[in-house]
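Visitor: Mind having a look at this structure? Questions to follow.
No lab work stands behind these numbers, since they all come straight from the coordinates. Because the structure is predicted, anything quoted here is derived from the model rather than measured. We place every Cβ from the backbone using ideal geometry, glycine too, and count neighbours over all the protein chains shown.
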Amino acid sequence: MKILALGTCCVDVYPQKNVVTPGGEALNIAVQLSSRTDVEIYLMGMIGNDSYAQNILESINTLNIHTKYLYQVKGETANHVIKIDNDGDRYFENGAWNGGVSVNFSLSVDDKSIISNMDAIIATLWEPNLKELLEFKKQNDYLVAVDFNDQRDFTEWENLIDGIDIFFSSAEESMKNIFLERSKISNTIFILTFGENGSVAYHKGHVFECAAVNVENVIDTTGCGDCYQGHFVAEYLKTDDIKLSMQRATLEAAKVTTHLGGFQVD
């Protein structure tokens with residue numbers, strides 16, 4: 001299976017611990033899937049030419065990730081300042097995010113060519129090429145999964161959602177019935193995650209639930225959602241089984257809570 005992780009490759013800055021780790025949705029997903037023998041993982045995005053970029057490149061130079069489409073240009077690499085509360089949950093203060101050169105990334109003809117050969121593309125709602133990606137999908141046979149993070153107002157993306165194959169959201173209880181009803185008139189798989197309270201998926205009016213894995217000592221929840229999404233997509237491509245894919249994704253995501261950052265660097 002060929003899967004493309006499209007979007008942000010950044011560093012996560014932890015001022016409380018004086019640590020900088022590579023991260024970002026696309027990078028986290030690519031690394032998590034690089035150890036699977038049933039996936040050929042591609043990474044696409046843009047980084048700068050600073051020390052943060054070097055941090056990223058060094059973290060993946062021995063992994064089974066196709067990085068030809070991770071472009072390096074002059075400028076600042078995206079970075080995110082993350083703080084951790086007493087329960088290991090991350091939180092962000094105003095001004096924590098700096099998109100750097102990544103906000104200027106646009107798909108080239110060569111990029112579209114490789115995209116057309118993918119089985120799945122995983123991106124986020126903030127991906128600047130999302131509309132183009134979904135439009136291009138109409139002429140190509142690939143699955144698109146999009147993370148809507150903790151977004152609550154979907155007005156801006158309303159016309160795009162039904163073109164998305166798998167919709168992920170870091171949700172709240174009040175959203176359950178909304179997406180259950182929406183699933184009855186849509187082909188999209190809607191997956192709502194609730195951290196330690198597990199996850200639920202809706203597809204054509206059917207409900208699939210999966211309990212979280214208990215982790216005794218949570219260090220950091222950064223990257224758990226990315227890991228869940230990557231493994232869900234990979235497992236779903238392989239099995240076409242929503243419940244089984246949720247279970248595999250949950251097991252893998254639980255491992256991420258046991259260390260700082262979205263993945264461990266050797």
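Visitor: Measure out, as a whole number of angstrom, how far apart the alpha-carbon centroids of the stretch 41-109 and the stretch 176-190 sit.
Guide: For the stretch 41-109 versus the stretch 176-190, the Cα centre distance is 32 Å.
Visitor: A further question follows. In a shell of Cβ-Cβ distance under 12 Å around residue 183, excluding residue 183 itself, what net charge do Lys and Arg (+1) and Asp and Glu (-1) give?
Guide: That works out to +2.
Visitor: Compute the distance from the alpha-carbon center of the stretch 242-266 to that of the stretch 136-160, in whole Å.
Guide: First find each Cα centre; the distance between them is then 23 Å.
Visitor: Now for a different question. On a 25 Å Cα-Cα criterion, which of the cross-link pairs 138/255; 112/176; 204/243 come out too long?
Guide: Pairs exceeding the cut-off: 138/255; 112/176.
Visitor: Now a separate question. Magnitude of the Cβ-charge dipole of the stretch 148-234, K/R +1 and D/E -1, about the Cα centre, nearest 20 debye?
Guide: For the stretch 148-234, the charge dipole is close to 380 debye.
Visitor: On to the next question. Taking the Cβ of residue 102 as the centre, find all other residues whose Cβ is under 12 Å away and add up their charges (Lys, Arg: +1; Asp, Glu: -1).
Guide: Taking every other residue near residue 102 into account, the sum is -3.
Visitor: Using mean Cβ contacts within 10 Å as the protection proxy, how do 225-232, 147-154 order, highest first? Write out the running numbers ahead of the final one.
Guide: Values: 225-232: 27.5, 147-154: 14.4.
Ranking, from highest mean packing down: 225-232, 147-154.
Visitor: Which residue, 215, 167, 264, has the largest displacement toward the positive end of the dipole of the chain when charges sit on each Cβ (Lys, Arg +1; Asp, Glu -1)?
Guide: Of the options given, the answer is 167.
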